[in-house]
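Single-structure report; data block below.
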Amino acid sequence: MTYADGMQGAGGENGAVGAIGAIQVLVVEDDQGIARSLVRGLERAGYAARCVGTGRAALAVDPPPDVVLLDLGLPDLDGVEVCRTLRGRSDVAVIVVTARGEEGDRVSALDQGADDYLVKPFGLAELLARIRAVLRRTRPPVPELLRHGPLAVDPRTRKVTVGGAEIALTPKEFDILECLAVDPGRVVTRQEILERAWDAHWYGPSKVLDVHMAALRRKLGAPGLVETVYGRGFRLGEPG
């Protein structure tokens, strides 16, 4: 099966990230072959994963996991009903993982509290990216002051200084800069910035990022601080 093969072929992409070892992922999937492939891929990526095959079993898991990967076509309960019940009792992150790709199914699941919706077949790399995205929203890290050369970014107060002078940024400009400042030097893709600063389901023109990036560079007033890596994205460089 293409879906299972894709899962196996992409394993281990994030296996070195030790911090995710405590994150519990529950796979709710009645196809045992798919469930096993998902669990193996998640474990190779550093997550603690287990699977159940029915909606009732998913609702009986206590304490609740951090993330639920929920198939809609379960043998006992409709997956949308399971999603609604989960959302009513906890803030667990729910990613629907299903073969149902119709817009009505997507809308129904998202309206009932799903955080994301992924249609089979898919690769493990995309699934892991979706998990990271929902965890950023549901389990934000404890803010710490982010420093890079003369730049200081405070996620708690949302204040930015360059060489000790405070810089007034719009909310979107701050979100973009924070994406870059979390890991200075790492290239952050355009899509990652759009998902973190706008929305995981952003479908608008990516040109909006260029407009905000130009304003951000102008306000920072430090040539070379925000670098464009053509064809890849942006990163913080050494100011000139």
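The values are calculated or read from the model by the stated rules, or taken from the named source; none is laboratory data. All of these numbers come straight from a predicted model, not from anything done at the bench. Note: ideal-geometry Cβ built from the backbone for every residue, glycine included; neighbour counts use all protein chains shown.
Among 95, 131, which is the only one that is part of a helix (DSSP H, G or I), surrounded by 13 or more Cβ atoms within 10 Å (Cβ to Cβ) and either in the same structural domain as residue 49 (by TED's automatic domain parsing) or β-branched (Val, Ile, Thr) (or both)?
The match here is 131.
So which residues in the range 18-34 are at pLDDT below 95 and either crowded, with 22+ Cβ neighbours inside 10 Å or closer than 15 Å to residue 98 by Cβ (or both)?
Hits for the range 18-34 are 30, 31, 34.
Hey, can you tell me all the residues within the range 155-176 that are surrounded by fewer than 18 Cβ atoms within 10 Å (Cβ to Cβ), in contact with an Asp or Glu (Cβ under 9 Å, 6 or more places away or on another chain) and in a strand (DSSP E or B)?
Selection gives 159, 161.
Just one of 98, 85, 138 is out of contact with any Gly (no Cβ under 8 Å at 6 or more places or on another chain), without any contact (Cβ under 8 Å) to a residue 40 or more places away in the chain and among the polar types (S, T, N, Q); which is it?
Step by step, each of 98, 85, 138 is checked, and only 85 is out of contact with any Gly (no Cβ under 8 Å at 6 or more places or on another chain), without any contact (Cβ under 8 Å) to a residue 40 or more places away in the chain and among the polar types (S, T, N, Q).
Considering only the range 39-56, state which residues are of a type outside the set (A, V, I, L, M) and either out of contact with any Pro (no Cβ under 9 Å at 6 or more places or on another chain) or part of a strand (DSSP E or B) (or both).
Within the range 39-56, 40, 41, 43, 44, 46, 47, 50, 51, 56 meet the criteria.
Pick from 78, 66: which is charged (D, E, K, R), closer than 20 Å to residue 136 by Cα and modelled with pLDDT of 90 or more?
66
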